[in-house]
Amino acid sequence: MATLRDIRRRIRSVESTQKITRAMKLVAAAKLRRAQERIVSARPYAVKMAELLSSLVRRAEGEAHPLLVRRPAARKRLVIITADKGLCGAFNSNILRASLAFLREQGETSVTLVVVGKKARDFYRRRQYEIKSEMLGFFDRLAYSHAQELAGGLMQEYLSGEVDEVHLLYNEFRSVAVQRVKREQLLPIESADAPDGQGGGEGAAGDYIYEPSPEAILAALLPRHVTTQVYRALMESVAGEYGARMTAMEAATKNAKEMISVLSIQYNKARQERITKELLDIVGGAEALRQSVEA
């Protein structure tokens, strides 16, 4: 049975942990507000651009731009976006499970990885999958230039014929408590009538007038579209990470409070038992002394 000293030590330990989790929750909440404002502002632009480009792609000829050329998907690249840190619930494990499921579905198809975040890097470093590149340690200072660097490398590899398809896997921010794992094809750009395409709708029934030419318009828009979708995925992941960490730390703080309450009850009970035992020892000793005197 634990002694009073052991229980006191454990209570102090849990109280220290509670202070840490409460501080981490407050930090995550402050960062979440900024990240949420960024993604809420950027999401309509990214979604509308995806709708426009998918509609243009449906009308464009297959060779109108190299990023539209479809090839047999013999070589695929999967971009896995996780966090650099843990303590955010199932945020990272959900992405890693989804990535493993995707890799197993490919069968004999060659799939190489681009890992974004230390958790994905550490996970796949210990497994028999080829990591072509990695990006780490930039989420706290995420900028459009990071998306340009990542998207530029992916487009160059696709144009050179090194890969035939590029897929993005990330956590989409839905609310503070909800993040949804999402996988989307980045390259080649899908048309509006693709099975998982984006947009189109009734407004896509008409045709467009291109000025100065379809080739010039697509050459300007397609690279920007790819970069914008990568930037959106990074911002979604950052906001989702902070939301998941805030939720996890709130739950940890609540659990610590409940544990302290239980330990305090155990401490008071053990202390009362100890006092009662000492009183009984005193009473028993006094009774033995009185009997010895009388004898």
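The values are calculated or read from the model by the stated rules, or taken from the named source; none is laboratory data. It should be emphasised that the depicted structure is a prediction, and the values quoted were computed from it without experimental measurement. Heads up, the Cβs are rebuilt from the backbone with ideal geometry, glycines too, and the neighbour counts pull from every protein chain shown. All accessible areas refer to the heavy atoms of the entire protein, side chains included, with ligands and DNA or RNA removed. Shrake-Rupley method; radii C 1.70, N 1.55, O 1.52, S 1.80 Å.
For region 88-161, what is the Kirkwood estimate of the hydrodynamic radius, computed as the reciprocal of the mean inverse distance between distinct Cα atoms, to one decimal in Å?
Values: mean 1/r = 0.0722 Å⁻¹.
For region 88-161, inverting the mean 1/r across all distinct Cα pairs yields 13.9 Å.
Note on Lys48 and Ile282: their simple-model spin labels are 8.2 nm apart, each label 7 Å out from Cα toward Cβ. Note on the chain: dipole from Cβ charges, positive end direction compared against Leu103, Ala256, Ile189; the farthest Cα belongs to Ala256. Only beta bridges with both residues in the chain are counted; by DSSP, about 35 percent of them are antiparallel.
Residue separation of Gln128 and Ala220 scaled by 0.36 nm, minus their Cα-Cα distance, works out to 29.3 nm of gained length. Taking Ile260, Ile80, Ile209 in turn, the Gaussian network model of the chain (Cα-Cα springs below 10 Å) assigns the largest fluctuation to Ile209. Packing here is the average count of other Cβ atoms within 10 Å per residue, and on that basis the peptides 136-145, 279-288, highest first, run 136-145, 279-288.
In straight-distance terms, cross-link reach from Lys269 covers every one of the lysines whose alpha-carbon lies under 16 Å from its own, apart from those fewer than eight places away in the same chain; here that gives Lys277.
Counting only residues at least eight positions apart within a chain, or on another chain, the lysines with an alpha carbon under 30 Å from that of Lys119 are Lys19, Lys25, Lys31, Lys76, Lys85, Lys132, Lys182, Lys254, Lys257. Taking 22 Å as R0, compute the FRET efficiency from the Cβ-Cβ separation of Leu159 and Glu184 and round it to 0.05. It comes out at approximately 0.65. Using 0.36 nm per residue and subtracting the Cα-Cα separation, the extra length available between Gln291 and Glu15 on full extension is 94.4 nm.
The simple Förster model, with R0 at 25 Å and r as the Cβ-Cβ distance, assigns Ser41 and Leu136 a FRET efficiency of 0.45.
Using the Cβ of Lys119 as centre and a radius below 9 Å, the other residues enclosed give a net charge of +1, where K and R count +1 and D and E count -1.
Overall, the accessible surface of region 43-97 at a probe of 1.4 angstrom is composed of carbon and sulfur to the extent of 59 percent. Taking 7 Å steps out from each Cα toward its Cβ at Glu105 and Arg22 produces label points 4.5 nm apart. Among complete DSSP H helices in the chain, those whose alpha-carbon atoms stretch at least 27 Å along the helix's long axis and whose mean Kyte-Doolittle hydropathy reaches -1.0 are 4-59, 214-294. Protection proxy ranking, highest mean first, for peptides 8-17, 45-54: 45-54, 8-17, where packing is the per-residue count of other beta-carbon atoms within 10 Å, averaged. For a quick check, take a GNM of the chain with Cα springs below 10 Å and name the residue from Val40, Val115, Val262 with the largest mean-square fluctuation. Evaluated over the chain, the most mobile residue of the options is Val262. Report, to one decimal in Å, the Kirkwood hydrodynamic radius for the chain based on all distinct Cα pairs. About 22.9 Å for the chain. Treating each Cα of region 24-175 as one equal point scatterer and applying the Debye formula with no solvent, the log10 of I(q)/I(0) at q = 0.11, 0.18 Å⁻¹ comes out as -0.52, -1.30. Between Glu258, Glu172, Glu134, find the one with the highest GNM mean-square fluctuation for the chain; connect C-alpha pairs within less than 10 Å. Taking springs between Cα atoms under 10 Å, the residue moving most is Glu258. Report summary: the helix-based calculation at 222 nm, which adds -39500 (n - 2.57) for every DSSP H run with n ≥ 4 and divides by the residues of the chain, gives -22000 deg cm²/dmol.
Note on Leu289: accessible area approximately 110 square angstrom, rounded to 10, probe 1.4 Å, nucleic acids and ligands left out.
Heavy-atom accessible area per residue, the chain, 1.4 Å probe: how many Å²?
That works out to 55 Å² per residue.
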